[in-house]
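The values are calculated or read from the model by the stated rules, or taken from the named source; none is laboratory data. Worth saying up front: this structure is predicted, and the values here are computed from it rather than measured. Here the Cβ is made from the backbone with ideal geometry for all residues, glycine too, and neighbour counts use every protein chain on show. Note: accessible area is taken over every heavy atom of the protein model, side chains too, but ligands, DNA and RNA are not part of it. Shrake-Rupley method; radii C 1.70, N 1.55, O 1.52, S 1.80 Å.
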Amino acid sequence: MISPDLPAELRAALTRKSEGLSRNDAAQRADTISRTYRDGGGSGTIRTGADALAYALARMPATYAAIAASLNALMEICPDFAPTSLLDVGAGPGTATWAASEAFASLETFTLLDANMALRDLATELAQPHLRLAAMRYHSGDGSKALGEAPEADLVVASYVINELGDSERAALADAMWVKTRGTLLVVEPGTPAGYARIIDLRARLIAEGAHVLAPCPHDAACPLTRPDWCHFTQRLQRSRAHKHLKGADLPYEDEKFAYVILSRTVPVQRPARVLAQPLVTKIAVTAKICTPEGIIEAASVPHRDKAAYKRAKKWNWGDAIFRKNGIGVE
């Protein structure tokens, strides 16, 4: 498992890059960019190196944390997965590439795609001191067209990308990413109802094309959740003093909410149940909402009298996998 916090090499590179930076100016730039994304816009407001750096300083920590949590879920379910090639679609400052390099020492080639030149230049500069990432190949281009010219990869990642596209563009990108996926595809989106809906649409489309879900779902069937509920998770990360200033925040931590799906070309050996909300722990029982191959258990109860199961259930957290070999032990 990898930490949700940025790797030391990346933190050091960002620190060097931001020497002499006006924090107030960076905060204003980051706020403008964030508002654009929240309003449904893309990276068009990131035009200069200063914009790209402000964006990276503000958003890279949370984005990295969500991708790290998703990759941890992949490694937990497929501990023998050892990809040698990565394709990072909509790579931005290279956040997913950094996370994948931490997760998989087996990775040898890194291909990144993004149309934003300012983000590409920043990603290339940040990666220079890194022994493995310094040789990464970063290609500029838009969506499916650029993807069509990219090499296939064992692991394809698209993080916080499809939210910038219209319905037809998302469908085309999903198909193009799947064509390039030799092994596993990871897609991460904001943990909002809209982000979940985009994940579900992509999931259904690619299952119809032969994909199998590795996580978070324990099945390939339609999602059993009903509105207004939606499937999402949260990852806590620590904030530095500079990060708090950029975000205009007081708390020393941030909880990044995200939705994700991991799809594979092969049927998984194991597909664990998933904890869909933070469990309630009392002296009488642990009560949790769990997604199982048979459907949703809204209030699964693990009683204290079943001491072994209760002890295991007390350790459950939102987003955790529950493997059948351990027994769910619910009533």
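Okay, residues lined up against (1) assigned to a strand (DSSP E or B); (2) touching a residue at least 12 places away in the same chain (Cβ under 8 Å):
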| position | (1), (2) |
| --- | --- |
| 250 | no, no |
| 260 | yes, yes |
| 266 | no, yes |
| 274 | yes, yes |
| 291 | yes, yes |
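Okay, residues lined up against (1) open to solvent by less than 10 Å² (accessible area, probe 1.4 Å); (2) over 15 Å from residue 135 (Cα atoms):
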{"position": "75", "(1), (2)": "no, yes"}
{"position": "79", "(1), (2)": "no, yes"}
{"position": "83", "(1), (2)": "yes, yes"}
{"position": "92", "(1), (2)": "yes, yes"}
{"position": "102", "(1), (2)": "no, yes"}
{"position": "108", "(1), (2)": "no, no"}
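Using the structure shown, decide if residue 99 is within 25 Å of residue 271 (Cβ to Cβ), assigned by the TED database to the domain that holds residue 135 and touching a Leu at 6+ places or on another chain (Cβ under 9 Å). Judged against the criteria, residue 99 is a match. Could we say that residue 224 is outside the structural domain of residue 294 (by the TED database), out of contact with any Gly (no Cβ under 9 Å at 6 or more places or on another chain) and touching a residue at least 24 places away in the same chain (Cβ under 8 Å) here? Here the answer is no, as residue 224 does not meet what is asked.
If the condition is being farther than 13 Å from residue 28 by Cα, out of contact with any Ser or Thr (no Cβ under 8 Å at 6 or more places or on another chain) and not small (Gly, Ala, Ser), then region 43-60 contributes 47, 48. Filtering region 100-153 to residues that are part of a loop (DSSP other than H, G, I, E, B) and under 11 Å from residue 89 (Cα atoms) leaves 115, 141, 142, 150.
For region 176-200, the set of residues classified as of a type in the set (Gly, Ala, Ser) and in a strand (DSSP E or B) consists of 183 only. Only residues that are in contact with a helix residue (DSSP H, G or I) (Cβ under 9 Å, 6 or more places away or on another chain), open to solvent by 20 Å² or more (accessible area, probe 1.4 Å) and part of a strand (DSSP E or B) were counted across region 208-246, and they come to 4.
In the list 174, 194, which residue meets the criterion of being open to solvent by 40 Å² or more (accessible area, probe 1.4 Å), assigned by the TED database to the domain that holds residue 100 and farther than 30 Å from residue 23 by Cβ? Write out each step before concluding.
Values: 174 fails: open to solvent by 40 Å² or more (accessible area, probe 1.4 Å).
Every option except 194 fails the conditions.
Suppose we keep only residues that are hydrophobic (A, V, I, L, M, F, W, C) and open to solvent by less than 20 Å² (accessible area, probe 1.4 Å) within region 253-276. Which one would you say is farthest from residue 288 (Cα to Cα)?
Kept after step one, since they are hydrophobic (A, V, I, L, M, F, W, C), are these residues of region 253-276: 258-259, 261-263, 267, 269, 273, 275-276.
Imposing the further condition that a residue be open to solvent by less than 20 Å² (accessible area, probe 1.4 Å) reduces the set to 258-259, 261-263, 273, 275.
On the way: 258: 20, 259: 19, 261: 21, 262: 23, 263: 26, 273: 12, 275: 7 Å.
Among those that are hydrophobic (A, V, I, L, M, F, W, C) and open to solvent by less than 20 Å² (accessible area, probe 1.4 Å), it is 263.
Take the conditions of a type in the set (A, V, I, L, M), under 18 Å from the mean Cα position of the chain (by Cα) and on the phi < 0 side of the Ramachandran plot and apply them to residue 174. Does it pass? So residue 174 fits the description; yes. Among the residues examined, residue 56 does not qualify as surrounded by fewer than 20 Cβ atoms within 10 Å (Cβ to Cβ) and not assigned by the TED database to the domain that holds residue 321.
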